Amino acid sequence: MTQTAAVLTQPSPGEGAGQAPGSEFAPLLRAVKGRGLLERRHGWYAREIASNALMLAAVVTGVVLIGNSWWSLLLAPVLAVLAARTAFIGHDAGHSQIAGGKPAGRLIGLIHGNLLLGMSYAWWNDKHNRHHDNPNHVDKDPDVVADVLVFTSGQAEERTGFRRRLTRNQAWLFFPLTLLEGVALKVHGFRDLRRQPPRERVVEALLLVTHVVAYATLLLTSMSLGRALVFAAVHQALFGLHLGMSFAPNHKGMEMPDRDGERWGHLRRQVLTSRNVRGGVLTDWFLGGLNYQIEHHLFPSMPRPHLRRAQPLVRAHCLELGVAYAETGLVDSYRQALRHMHEVGEPLRVQ
């Protein structure tokens, strides 16, 4: 592994530590439940959702009041940050962190995903749940499927033409490419409508179209076409960059399970493929709690404010088992992720 800070031990992934792999998670689960860390935090999320909605409303009001002026562009970065906050709420809803019932969670997800962001909740939830089931598995995790970027030398060897040239320099291009992520998420959502059952498709499509119409109406009735296009470009680019900066540190450069090797138990499958990012309240806020990626993967339904409290329990348990627990600073997490992508493209640069 390539992580440099706070890795407690470095055993081979399949090594035991006095317990059978299937039983390694059970004591930790009992400890977490005993502390009440899986219980809902309805009040915390109610405040989070309400404050986010009020700030979004304030930005929309600001756009209308400022009107056809270049000063309105100052609100585009603010809206990008709030869009990321909205995405974090949708993420938590998809994991049943906010509401235990599936209908309530779906409603929150549809509002924050489809309506407010123009991103399909059903598409994202399906993709993200498959990622959680098998993180960093090249055959099962959609997040490491060879697409614009590749994550293994095997994937790199199969590249041809323009994509081969792209892979050679993918580490340098990673963050510039995230500027397109906000738009890409919307495109993926519309494409996924064909996969969805008819009833779900109608609801999702209606909300996605409503978002696009409302967004265009807000900008085009408040400012000229040129300024509206610049505002949208800045907003969507910074939104994508914020999401990229939130997701990049989580798994890139971590262990990738061998498709023909020993199947890991839940604890090793989640811990060995994930990386935590150290920091305080500001880091927690900026990354939406995803800096506790190990805890989040072990307990996907754990409410966001409980992840920090669960961390000492998880770290101590991993130390006892001899399972590597990766944690580093924010800047170093980006360095490790980019170094991995650079190394994957290395053979193509020397040919």
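Of 94, 118, 265, which has the largest mean-square fluctuation in a 10 Å C-alpha GNM of the chain?
265
Quick query: amide H of residue 328 versus all other amide H atoms, modeled in the peptide plane; which residues come in under 5 Å with a sequence gap of 5 or more or a different chain?
Long-range HN contacts for residue 328: 276, 277, 278.
When the helices in the chain are scored as -39500 (n - 2.57) per DSSP H run of 4 or longer and the sum is shared across all residues, what 222 nm value do you end up with, to the nearest 500 deg cm²/dmol? Kindly include the intermediate steps, with their values, before the conclusion.
Working: 16 runs with 219 residues, N = 351.
Value at 222 nm, helices only, nearest 500: -20000 deg cm²/dmol.
Dipole of region 247-351 (Lys/Arg Cβ +1, Asp/Glu Cβ -1, origin at the Cα centre): which of 334, 288, 253 lies farthest to the positive side?
Checked the options; the winner is 288.
Under a 1.4 angstrom probe, counting protein chains only, how are 30, 41 ranked by accessible area, largest first?
Working: 30 155, 41 75 Å².
Descending order: 30, 41.
Ratio to report: Rg/Rh of region 205-297, with Cα atoms as the point set and Rh obtained by the Kirkwood method; give two decimals. Could the numbers behind the result be given before it?
Numbers: Rg = 19.7 Å, Rh = 16.6 Å.
Result for region 205-297 is an Rg/Rh of 1.19.
Restricting to Cα atoms and excluding each atom paired with itself, what does the Kirkwood estimate give for region 104-250 in Å? Intermediate values should be presented prior to the final figure.
Details: mean 1/r = 0.0587 Å⁻¹.
Computed over Cα pairs of region 104-250, the Kirkwood hydrodynamic radius comes out at 17.0 Å.
Once the other residues with Cβ under 15 Å from the Cβ of residue 285 are scored (Lys, Arg +1; Asp, Glu -1), what is the net sum?
On the way: positive: 47, 85, 278, 304, 308; negative: 48, 92, 284.
Neighbour charge sum, excluding residue 285 itself: +2.
What percentages, rounded to whole numbers, describe P(r) for region 100-143 computed over all alpha carbon pairs with 5 Å bin width beginning at zero?
Result returned by the calculation: 5, 24, 21, 19, 16, 12, 3.
So what's the convex hull volume per residue for the Cα atoms of region 66-113, in Å³?
About 69 Å³ per residue, rounded to a whole number.
Give the whole-number value, in cubic angstrom per residue, of the convex hull volume spanned by the C-alpha atoms of region 209-251. Don't skip to the answer; put the middle values down first.
Values: hull volume 3.0 nm³, N = 43.
Cα-based convex hull of region 209-251, divided per residue, equals 69 Å³.
Can you compute the equivalent ellipsoid semi-axes for region 249-351, i.e. the square root of 5 times each eigenvalue of the Cα gyration tensor, sorted largest first and rounded to whole Å? Before the final figure, lay out the partial values.
On the way: eigenvalues 127, 73, 23 Å².
Calculated on Cα positions only, the semi-axes equal 25, 19, 11 Å.
Looking at region 165-252, I'd like the Rg to Rh ratio, where Rg is from alpha-carbon atoms and Rh is Kirkwood's inverse mean 1/r.
Using only Cα positions, Rg/Rh for region 165-252 is 1.06.
Using only the Cα atoms of region 48-131, construct the convex hull and provide its projected area averaged over every direction, in square nanometres to one decimal. Present the calculation step by step, with values, prior to reporting the outcome.
Numbers: hull surface 23.4 nm².
For region 48-131, averaging the hull's shadow over all directions gives 5.8 nm².
Give me Rg over Rh for the chain, both radii from the alpha carbons and Rh done the Kirkwood way, two decimal places.
Result: Rg/Rh = 0.98.
Contact order normalised by length for region 117-213, with contacts defined as Cα pairs under 8 Å and 6 or more residues apart; what percent is it?
Details: 67 pairs, mean separation 38.7, N = 97.
Here the relative contact order equals 40 percent.
The values are calculated or read from the model by the stated rules, or taken from the named source; none is laboratory data. It should be emphasised that the depicted structure is a prediction, and the values quoted were computed from it without experimental measurement. Quick reminder, even Gly has a Cβ in these numbers, built from the backbone with ideal geometry, and neighbours come from all protein chains shown. Ligands, DNA and RNA are excluded from the accessible area calculation, which covers all protein heavy atoms including side chains. Shrake-Rupley method; radii C 1.70, N 1.55, O 1.52, S 1.80 Å.
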